[in-house]
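I have placed the structure first, in the form of structure tokens, so that the comments after it can refer back to it.
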Amino acid sequence: MIDFSNDRTIKLKPMDLAQGQEAVAMLLLEGESVGAAFKGARDMIMFTGIRIIVVNVQGLAGKKTDYSSLPYRNIQAFSVETAGALDRDAELEIWMSGLGKVKLEFGKDVDIHAIGRWIGQKVLVDE
């Protein structure tokens with residue numbers, strides 16, 4: 001499992017939903033689908049209707065992969081930060097029960113407000 005307690009940052013850009021769905025198809029529950037997908041250098045983040053799936057490609061050859069599931073019901077708080085003039089990355093910070101803080105950095109082309117609304121809907125409304 002990814003060590004979320006080390007406050008590591010994953011820089012993410014949008015990726016094709018079909019590719020995201022295919023990357024985690026073997027983990028998806030019946031009726032679950034990817035609603036948003038983002039990719040870093042090798043890692044990926046998928047937002048589904050019930051959880052966030054973090055795909056961590058490991059090793060030099062990239063043959064070992066860790067899949068971490070972060071259920072929305074375990075989110076205690078979250079924060080979004082927009083990109084600025086000097087800091088061109090937007091950020092999402094999530095505090096998970098039992099894990100601590102998970103920090104994700106997105107490129108300036110990502111609508112961080114939409115991600116904040118998505119998380120808010122899942123955490124505050126869909127409970």
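Which of Leu28, Leu92, Leu70 ends up with the largest GNM mean-square fluctuation for the chain, with Cα atoms connected below 10 Å? Looking only at Leu28, Leu92, Leu70, the biggest GNM fluctuation is shown by Leu28. Charges were assigned to the Cβ only: +1 to each Lys and Arg, -1 to each Asp and Glu. The resulting dipole of the chain about its Cα centre is roughly 260 debye. The DSSP beta bridges internal to segment 4-125 are antiparallel in roughly 90% of cases. Computed from label points 7 Å out along Cα-Cβ, the spacing between Arg88 and Arg117 is 2.6 nm.
Other residues lying with their Cβ under 11 Å from the Cβ of Gln58 contribute a combined charge of +1, Lys and Arg counting +1, Asp and Glu -1. Computed 3J(HN,Hα) for segment 72-84, one whole-Hz value per residue from the Karplus formula 6.51 cos²θ - 1.76 cosθ + 1.60 where θ = phi - 60°, is 4, 5, 8, 7, 8, 7, 8, 9, 10, 10, 6, 6, x, glycine and proline marked x. Contact order, relative form, for the chain: 24 percent (alpha carbon pairs under 8 Å, 6 or more residues apart, mean separation divided by residue count).
For segment 29-40, putting each phi into the Karplus relation 6.51 cos²θ - 1.76 cosθ + 1.60 with θ = phi - 60° gives couplings of 7, 4, x, 7, 9, 7, x, 8, 9, 9, 9, x Hz, in residue order, rounded to whole numbers and with x for Gly and Pro.
Would you work out which of Ala18, Phe78, Ala41 lies farthest towards the positive end of the dipole of segment 4-125? Charges go on Cβ: Lys and Arg +1, Asp and Glu -1. My answer, from the dipole projection, is Ala41.
Dividing the mean sequence gap of close Cα pairs (under 8 Å, 6+ apart) by how many residues segment 31-79 holds gives a relative contact order of 25 percent. The coefficient of translational diffusion for segment 51-101, derived via Stokes-Einstein from the alpha carbon Kirkwood radius under 37 °C and 0.692 mPa s, stands at 251 µm²/s. For segment 10-42 and segment 47-124, what is the separation of their C-alpha centers, rounded to whole Å? Spelled out, the Cα-based centre of one part sits 12 Å from the other.
FYI, it's all coordinate maths here, none of it is from the lab. Computed from a prediction, not measured in an experiment: that's the story for all the values here. Cβ: placed from backbone, ideal geometry, glycine included. Neighbour counts: every protein chain shown.
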